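Structure first, then comments.
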Amino acid sequence: MSLDKAALLRAYRQMKTIREFEDRTHVEIMNGQIAGFTHLYTGQEANAVGVCEHLSDDDAIISTHRGHGHCIAKGADVMGMMAELFGSSEGLCKGKGGSMHVADVDKGILGANGIVAGGPPISVGAALAAKIRDNGCVSISFSGDGSVNQGTCFEAMNMAVVLQVPAVFVIENNYYSEHTNIEYAVGCDDLKARTESFGFPVFVADGSDFFSVYEAAGKAIAHARDGNGPAGVFAEMGRFHGHFVGDPEHYRAEGEVKDLRENACCLKNFRARMAETGDLEQSELDAIDAEVMTLIEQAVSAAKSAARPTPEQVTEDVYINYGAA
C-alpha cells in the first residue's frame, strides 16, 4: 500500500508522540508525580499506528490495560491524556479513568480496559451496532498474547463469526503475559492458526515495522468493512519496559531489552526505510521530533498545574447518586 508524504509524516509523528508520551510518563511515575498502576506501550507503537491510520472517528476501538498508544493513535488529545494520568478534573475522563480506563467516545475510543480480554466482547457489540446501522464502520479490539487465552476472547471471536459483524481482532504478541513467556503460557505453536480456526482470516505483521502492520491491518479492515464478517491481525513486537512501571523484570534474559531497542525499534526502522526510499528527509523527521518533545513538555506542565477533582465531583458521572434520599 502506497502512502503519500503527508501520510508518512503523520504516521511518524503518531509513533514518536506515543514513544515520548510513554517515556515521560515513566519518568513522572518514578518521581512520584503520577499515582497508580501503569503499563507502558513503548516499543509497540507501530502496531497501534499501523492499525489506526485506517480508521476514522466513526470507527471504534477497544483497548487494553496497556492502552496509551492505542488511544493516542486513534486521535485522543495528548494534553487531555496527560491530565488524565495526573488525576486532573481537566483530563479526558475528568481524572476518574486514569491510565487503564482512558476513553474518548467522540474519537471512537470506547475505553482502555483493566480486565484482561475485557475488550473483545465490547468490540463485538460495537460491531453489531455498526452492522445494524449499516454505516460501513468497523470495530477494533486490541488484545495481548495473554488475552487470547481467555474464554471471553474466544466467545467474542465465535460470536463475531456467527453474527458476521465487522469486528477486527488485533492480537499483539509482546511475548509475555505479565511475567510469563508465551512459550510456557500458550498450549499451541501457532496463535494465528488457532485464531483462524474460529472461521475468519488472520493477517500477519511484523509489529516493529509500521509498513508491515499498515498493510496487514488494511487487508483485515477492508475485509470487515466490505461486509465479509470479522478478520484478525497477528503482530509480534517486544515491549521495552516491564509489565508495569517498577517491574524488576527478573524473568527477562540478559541483554534482551537492549537488543530490542537496538534492532526492533519501529522508529529506527521507519527512519531507515525513509533513508532508503528518499520519501522523507531526515531533517523533516528531526523537525517532528522537536515538535513532539515540545508538545509533551507542554502537556506535563499543564497537567501538573491543572485543576484537581473536588469532593463534590465524586458523585458526578456515576450510575448511582449516593447522596440521594
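Just so you know, all these numbers are worked out from the coordinates, no wet-lab data involved. Computed from a predicted model, the values in this text were never measured in an experiment. Every residue, glycine as well, gets a Cβ built from its backbone with ideal geometry; the counts of neighbours run over all protein chains shown.
Taking amide H atoms as placed 1.01 Å from N in the peptide plane, list the residues 5 or more away in sequence, or in a different chain, whose amide H sits under 5 Å from that of residue 202.
Hits under the 5 Å cutoff: 232.
Let me spell out the model: positive unit charges on the Cβ of Lys and Arg, negative unit charges on the Cβ of Asp and Glu, origin at the Cα centre of the range 77-197. What dipole size does that give, in debye rounded to 20?
380
Give me the Kirkwood hydrodynamic radius of the chain, using the inverse of the mean 1/r over all pairs of distinct Cα atoms, in Å to one decimal.
20.1
Please go through the range 164-270 and write out the GluC sites (Glu not before Pro) that DSSP classes as loop and that have at most 10 other C-beta atoms within 10 Å.
Working: sites: 172, 178, 183, 196, 215, 236, 249, 254, 256, 262; in loops: 178, 249, 254.
Counting only loop positions with at most 10 other Cβ atoms within 10 Å, the GluC sites (Glu not before Pro) in the range 164-270 are 254.
Using a Debye calculation, one point per C-alpha and no hydration shell, please list log10 I(q)/I(0) for the range 92-190 at q = 0.11, 0.12, 0.25 Å⁻¹ in order.
Per q value, in the given order, log10 I(q)/I(0) is -0.37, -0.44, -1.27.
Please report the projected area of the range 114-157's Cα convex hull averaged over all directions, in nm².
3.0
Restricting the calculation to Cα positions, tell me the Rg (one decimal) and the Dmax (whole number) of the range 1-145 in Å.
Considering the range 1-145 through its Cα atoms, Rg and Dmax are 15.0, 49 Å.
Given that compact globular proteins tend to follow 2.2 N^0.38 Å, what is the ratio of the alpha-carbon Rg of the range 173-283 to that value?
1.28
Once phi is turned into ³J(HN,Hα) by the Karplus curve 6.51 cos²θ - 1.76 cosθ + 1.60 with θ = phi - 60°, what whole-Hz value does each residue of the range 57-70 show in order, with x for glycine and proline?
4, 6, 7, 10, 10, 10, 9, 10, 5, 9, x, 4, x, 4
For the chain, give the magnitude of the charge dipole about the Cα centre (Cβ charges: +1 Lys/Arg, -1 Asp/Glu; no others), in debye to the nearest 20.
The calculated dipole for the chain is roughly 480 debye.
Of the options 321, 217, 125, report the single residue whose Cα projects farthest towards the positive end of the charge dipole of the chain (beta-carbon charges: Lys, Arg +1; Asp, Glu -1).
The residue sitting farthest along the positive end of the dipole is 321.
Just want the answer: with Cβ charges of +1 for Lys and Arg and -1 for Asp and Glu, which residue in 153, 227, 204 is farthest toward the dipole's positive end in the range 144-300?
227
Which aspartates and glutamates, if any, have their Cα less than 15 Å from the Cα of residue 192, not counting same-chain residues under 8 positions apart?
145, 172, 183, 206, 236
What are the semi-axes of the equivalent ellipsoid of the range 1-45, taken as the square roots of 5 times the eigenvalues of the Cα gyration tensor, listed largest first and rounded to whole Å?
29, 9, 6
Nearest 5 is fine: what % of DSSP beta bridges in the chain come out antiparallel, could you say?
10
Tell me which lysines have Cα within less than 20 Å of residue 94's Cα, excluding those fewer than 8 residues away on the same chain?
Leaving aside lysines fewer than 8 places away in the same chain, those within reach of residue 94 are 74, 107, 304.
Please report how far the C-alpha centroid of the range 76-154 lies from that of the range 242-260, rounded to the nearest whole angstrom.
27
For the charge dipole of the range 221-325, defined by +1 on Lys and Arg C-beta atoms and -1 on Asp and Glu C-beta atoms about the Cα centroid, which residue among 240, 280, 265 has the Cα displaced farthest towards the positive pole?
240
Tell me the mean residue ellipticity at 222 nm calculated for the chain from its helices only (DSSP H runs of n ≥ 4, each -39500 (n - 2.57), averaged over every residue, nearest 500).
When only DSSP H runs of four or more count, the value is -14000 deg cm²/dmol.
Nearest 20 debye, what's the magnitude of the dipole of the range 228-289 about its Cα centre given +1 on Lys and Arg Cβ and -1 on Asp and Glu Cβ?
Charge dipole of the range 228-289: 200 debye, to the nearest 20.
When N counts the residues of the range 15-85, how does its alpha-carbon radius of gyration compare numerically with 2.2 N^0.38 Å, as a ratio? List each step's numbers first, then the result.
Values: Rg = 12.0 Å, N = 71, 2.2 N^0.38 = 11.1 Å.
Relative to the rule-of-thumb radius for its length, the range 15-85 sits at 1.08.
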